[in-house]
Amino acid sequence: MENSICTKREWHKKQAIENFNDCWDLIEKTDRSQDDDLRMIHTAHASRFHWGEVGTPVEFARGEWQISRVYSLLGMFESALYHATVSLNFCKENNIGDFDLAFAYEAIARAHSIGNNLELQKKYRHLADQSAKDIEKESDRNYFKSELQHL
């Protein structure tokens, strides 16, 4: 076992990344238990907390997006919409575009979908689709479009 000492900043970054990845594994798990669902909520928030200590607005936007995705998966409309809106605000206030902006719109559309607000879901899905045109990397754009198809 490696004994290494890291700075507080390095520790927060490591925790942010590990929690994000653990959460993503749970998002993709097809047979989540109730305990898994609770762990998914906690790891999403933990990741965002640690990014809040050492990250940039890009990581903040992505963390809020992940939290929104978790709440959408669990059918928790108000929490999903809240965190999706925070993600979009980070993008707008910091001129963050590309797939982060597209995914922020997607998160709001997804939240409205579970909240049965079909007009708002359509509006934000359209904004997400329009934003996808500005995703620079073709592989990122294709991945985003595949995610948008699941709405």
For the Cα atoms of the chain, what angle does the longest principal axis make with the long axis of helix 118-132, in degrees from 0 to 90, nearest 10?
70
Any idea what the relative contact order of the chain is, in percent, if you count C-alpha pairs under 8 Å spaced at least 6 apart?
17
FRET efficiency for residue 92 and residue 53, Cβ-Cβ distance as r, R0 = 25 Å, nearest 0.05?
0.60
Cross-link partners among aspartates and glutamates for residue 137, C-alpha distance below 13 Å, same-chain residues fewer than 8 apart left out?
98, 100
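Work out, step by step, the length gained on full extension between residue 142 and residue 9: first 0.36 nm times the residue separation, then minus their alpha carbon distance; give nm to one decimal. Display every interim value, and only then the final one.
Working: separation 133, 0.36 × 133 = 47.88 nm, distance 3.39 nm.
Here the answer is 44.5 nm.
For a quick protection proxy, order the peptides 124-136, 21-33, 91-103, 61-73 by their average other-Cβ count within 10 Å, most packed first. Write down the numbers at each step before the final one.
Details: 124-136: 16.8, 21-33: 13.2, 91-103: 18.8, 61-73: 25.0.
Ranking, from highest mean packing down: 61-73, 91-103, 124-136, 21-33.
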To test your reading of the geometry: what angle, between 0 and 90 degrees and rounded to tens, separates the Cα axis of helix 57-73 from the longest principal axis of the chain?
70
How much accessible surface area, in Å² rounded to 10, belongs to the heavy atoms of residue 150 with a 1.4 Å probe?
130
Karplus-derived 3J(HN,Hα) from phi for segment 103-116 (6.51 cos²θ - 1.76 cosθ + 1.60, θ = phi - 60°), whole Hz, x at Gly and Pro, runs 5, 5, 5, 4, 5, 5, 4, 5, 4, 5, 5, 6, x, 6
Residue separation between residue 117 and residue 134 times 0.36 nm, minus their alpha-carbon distance, gives in nm 3.5 nm
Helix-only estimate, please: 222 nm mean residue ellipticity of the chain, summing -39500 (n - 2.57) across DSSP H runs of length 4 or more and dividing by its residues, to the nearest 500.
-26500 deg cm²/dmol
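State the percentage of accessible surface on the chain attributable to carbon and sulfur atoms; use a 1.4 Å probe and exclude ligands, DNA and RNA. List each step's numbers first, then the result.
Numbers: 4350 of 8930 Å².
Answer for the chain is 49 percent, counting heavy atoms of protein chains only.
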In this model, which of 14/145; 29/133; 92/123; 123/145 are farther than 19 Å apart at the alpha-carbon?
14/145; 29/133
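The values are calculated or read from the model by the stated rules, or taken from the named source; none is laboratory data. The model shown is predicted, which means the values in this text are computed figures rather than measured ones. Neighbour counts run over all protein chains shown; Cβ positions are idealised from the backbone, glycine included. With ligands, DNA and RNA removed, areas are computed over all heavy atoms of the protein, side chains included. Shrake-Rupley method; radii C 1.70, N 1.55, O 1.52, S 1.80 Å.
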